[in-house]
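The values are calculated or read from the model by the stated rules, or taken from the named source; none is laboratory data. Please read all numbers here as calculations on a predicted model, not as lab measurements. With ideal geometry, Cβ positions are generated from the backbone for all residues, glycine too; neighbour counts draw on all protein chains shown. For accessibility, only protein heavy atoms count, side chains too; no ligands or nucleic acids. Shrake-Rupley method; radii C 1.70, N 1.55, O 1.52, S 1.80 Å.
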Amino acid sequence: MKTLFRLVAFLLLLAPAVLAQEHYTEGPIWRVSLIRVKPTQMDAYLTSLRQSSKPILEEQKKNGTIMDYKLFLKETKNNPEDWDVCLAIEYKNHAAMDGLAAKGEMLRDKILGGKQPAQQLSEKRAEIRELISSELLQEIILK
């Protein structure tokens with residue numbers, strides 16, 4: 001009787017996940033970063049992204065590490081603490097993110113010239129922008 005009760009409890013806990021799957025299929029994974037740029041620093045920040053981040057993202061796209069990336073500018077502000085720029089990076093699936101740090105460091109060294117220049121770039125960016133949040137999202141495709 002105890003075993004039957006546990007089985008029923010397990011099935012009830014599993015039911016929402018099973019039912020949800022009938023409504024969609026899983027798509028790619030997105031890393032979404034929301035950034036607030038400090039006043040008067042938008043041009044400097046976009047220049048930094050174009051010169052340093054774009055070559056890395058393009059190379060990752062070319063070698064299949066990422067599927068795509070997108071940048072968004074927020075045109076409406078709900079309050080002064082709101083974000084300004086969104087960077088979204090698309091990965092094929094969770095497995096595509098395995099070993100990402102090591103791959104990223106090799107590419108960083110190749111494009112930026114090593115750890116020291118990357119650290120300097122990071123420090124300069126910290127002066128002109130603030131990372132509000134970084135989220136990992138699962139895209140779903142409705143059936």
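Descriptive notes on the structure:
- Matching residues in the range 69-94 - criterion: being loosely packed, with under 14 Cβ neighbours inside 10 Å and assigned to a strand (DSSP E or B): 70, 72, 73
- Residue within the range 37-47 that is assigned to a helix (DSSP H, G or I), open to solvent by 40 Å² or more (accessible area, probe 1.4 Å) and in contact (Cβ under 8 Å) with a residue 40 or more places away in the chain present: yes
- If you check 135, 130 for being acidic (Asp, Glu), surrounded by 13 or more Cβ atoms within 10 Å (Cβ to Cβ), touching a strand residue (DSSP E or B) at 6+ places or on another chain (Cβ under 6 Å) and not in a loop (DSSP other than H, G, I, E, B), only one passes: 130.
- When 73, 142, 121, 87 are checked against the criterion of being on the phi < 0 side of the Ramachandran plot, in contact (Cβ under 8 Å) with a residue 24 or more places away in the chain and within 17 Å of the chain's Cα centre (by Cα), a single residue qualifies: 87.
- Yes/no for residue 75 being more than 30 Å from residue 22 (Cα to Cα) and out of contact with any His (no Cβ under 7 Å at 6 or more places or on another chain): yes
- The condition of being open to solvent by less than 50 Å² (accessible area, probe 1.4 Å) and either touching a Gly at 6+ places or on another chain (Cβ under 9 Å) or within 17 Å of residue 133 (Cβ to Cβ) (or both) does not hold for residue 66.
- Test result for residue 103, open to solvent by 70 Å² or more (accessible area, probe 1.4 Å), touching a residue at least 24 places away in the same chain (Cβ under 8 Å) and outside any loop (DSSP other than H, G, I, E, B): yes
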